[in-house]
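Undergrad: Below is a structure I'd like to ask you about.
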Amino acid sequence: MIQSMTGYGEEKCTIGRYTLNIQITSLNSRYLEINFNAPSLFDPVRLEIEKEIKKAFKRGKIVIKIDIDEAEWEYLEKIHSFIASTQKYFKEHNLNIENIPFNLYLDLGKLNAVKHHHRDIIQRYEKLAFKRCFKNALLKVLKMRKIEGQKTEKFLRERVDIIQKTLPKIVKMKKEEKKEAEQKYKDKGIEKDENLLSLLLKLDVSEEVERLSAHIKYFKTVLREKGDEKGKKLDFLSQEITRELTTLGSKTHRPDIVHNIILLKEEVERIREQLRNIQ
């Protein structure tokens, strides 16, 4: 099954005193790129996250954004600022700590400690909860990439079928063109001539048609294969199909044949546009 490189997953969870929002966006890219956008609090788990991403994806630009609900932190920040300014005031005025009510000082001190504890250190239970939350978001991305991959696979099969069904029509037209050339020389009373032999050789596209048919057949085989890393292989095959179609176009003088070949090359280009977005 084909896997698209386009996907999105979001998960919210509550860890301790704060709410966590994890967003994972997957975009197309030739290689695997990981963009980690999160508070420094999550630096200790960054390597583990990147390992999980590398297991799940082989190609794509993966953007991970982690936000913490700042409502509580803003409140604690104000308290911390108050503590700092109070301490500065007492120091500047040479006031003793005994001048501060004991209970007030103790409570503010605890809140100050809480602020630094949550900002700078991620506890073991928080790390486990975060991993579960991240995994849920990651599964949503994978699900969306697979759904998009199914749509792309259907589109690719339709395009390849059009090429495969049109090819016999072009072969028939080429045979007609060859007969027309032979008849033209017969009408002139020339049945054996170097120019005729050269022309007939140029009009012969049996090798190109054989190779083109083989490429199309293999393209369909790759689509049926297990695994989801098919983008590069299918892109190579589409290039080969384009090359054979170009050769077919150079071996004809009939505008109707050229027109049909141009239409098929447009179908291949549509295929290649979709292949840029699969793993």
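Undergrad: Out of everything in segment 43-55 that is out of contact with any Phe, Trp or Tyr (no Cβ under 7 Å at 6 or more places or on another chain) and modelled with pLDDT under 90, what residue ends up being farthest from Arg272 (Cα to Cα)? Steps first, answer last, please.
TA: The initial filter retains those residues of segment 43-55 that are out of contact with any Phe, Trp or Tyr (no Cβ under 7 Å at 6 or more places or on another chain), namely 43-44, 47-48, 50-55.
Narrowing further to those that are modelled with pLDDT under 90: 43-44.
Values: Asp43: 39, Pro44: 41 Å.
Among those that are out of contact with any Phe, Trp or Tyr (no Cβ under 7 Å at 6 or more places or on another chain) and modelled with pLDDT under 90, it is Pro44.
Undergrad: Please enumerate the residues belonging to segment 226-262 that are outside any helix (DSSP H, G or I) and surrounded by 12 or more Cβ atoms within 10 Å (Cβ to Cβ). Spell out the reasoning first.
TA: Taking segment 226-262 first, the residues outside any helix (DSSP H, G or I) are 226-230, 251-254.
Selection gives Asp228, Glu229, Lys230, Lys251, Thr252, His253, Arg254.
Undergrad: Oh, and also: Cβ-Cβ distance below 7 Å, separation of 6 or more or different chains: which pairs start in segment 41-53 with a residue that is in contact (Cβ under 8 Å) with a residue 40 or more places away in the chain and end on one that is surrounded by 14 or more Cβ atoms within 10 Å (Cβ to Cβ) and in a helix (DSSP H, G or I)?
TA: Leu41/Arg119; Val45/Lys127; Val45/Phe130; Ile49/Phe134; Glu52/Leu138
Undergrad: Let me ask another. Testing Leu111 on (1) at pLDDT 55 or above; (2) under 23 Å from Thr19 (Cβ atoms); (3) more than 41 Å from the chain's Cα centre (by Cα), one condition comes back false. Which one is that?
TA: Unmet for Leu111, out of (1) at pLDDT 55 or above; (2) under 23 Å from Thr19 (Cβ atoms); (3) more than 41 Å from the chain's Cα centre (by Cα): (1).
Undergrad: Criterion first (under 12 Å from Phe134 (Cα atoms) and not in a strand (DSSP E or B)) does Glu11 satisfy it?
TA: no
Undergrad: Scan segment 260-279 residue by residue and report those that are closer than 17 Å to Val209 by Cα and free of Cβ contacts under 8 Å to residues at least 60 places away in the same chain.
TA: If the condition is that a residue be closer than 17 Å to Val209 by Cα and free of Cβ contacts under 8 Å to residues at least 60 places away in the same chain, then Ile262, Lys265 are the ones that fit.
The values are calculated or read from the model by the stated rules, or taken from the named source; none is laboratory data. Just so it is clear, the structure is predicted and the values come from calculations on it, not from any experiment. Backbone-built Cβ (ideal geometry, glycine too); neighbour counts: all protein chains shown.
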